[in-house]
1. Mind ranking 64-74, 50-60 by how tightly packed they are, going by the mean number of other C-beta atoms within 10 angstrom, highest first?
2. For SER69 paired with THR103, estimate the spin-label separation in nm (one decimal), with each label point 7 Å from Cα along the Cα-to-Cβ line.
3. Of the listed peptides 37-49, 106-118, what is their order by residue-averaged count of other C-beta atoms within 10 Å, with the highest listed first?
4. What distance in nm separates the simple spin-label points at THR24 and TRP123, each placed 7 Å from Cα in the Cβ direction?
5. Please find the FRET efficiency linking GLN51 to LEU6, where r is the Cβ-Cβ separation and R0 is fixed at 22 Å, and quote it to the nearest 0.05.
Amino acid sequence: MCVYCLEDHGFTEHLEHIYDPSSTGDIILVFPNGDRFEMPDMVLHYVFDHQWLPPQEFIVDVLSFDAESVKTERFQTKGLMDPKPIDMKIGYLQGDFSIGEVTAEFKEKLVRLCEIAAKDYPWMVAPRNKEKKDGMA
Ligand SMILES: [Zn+2]
């Protein structure tokens, strides 16, 4: 579960959130310039629902390369005893949570990267169904 949802609001489910606030894995991105980032599945939830501002180096890399040129790998972290070594972790993995504005172009490219990385787990990065949300309210 997203720790920021829990901190702010207890265990209440937020129907206005676009992305699911739960995750069981992380995504590693290796950019053509050699930069490696590890981010949680929930990165879209952080950016879209909590206005999380990723590190500037990450934003620059996302904007600098075509999503198709980035190597992506998703792996389960839940129950994983031997985390992979990584240069830079972002999101809750890094412990810092800054709030700020990102551009629509960044959001679009981040969604594309997540779709590619989680192609075997499409529900991880799919926006929630608006009608289903309304039906649950
Ligand atoms: Zn959250």
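1. Working: 64-74: 14.1, 50-60: 16.4.
My ranking of the peptides, most packed first, is 50-60, 64-74.
2. Output for this residue pair reads 1.6 nm.
3. On the way: 37-49: 23.5, 106-118: 19.2.
Per-residue mean Cβ counts within 10 Å order the peptides as 37-49, 106-118.
4. Label-label distance for THR24 and TRP123, simple model: 0.9 nm.
5. About 0.80, to the nearest 0.05.
Read the figures in this text as sums done on the coordinates, not as results from a lab. Values in this document were obtained by computation on a predicted structure and should not be read as measured data. Note that we place each Cβ from the backbone using ideal geometry, even for glycine, and neighbour counts take in every protein chain shown.
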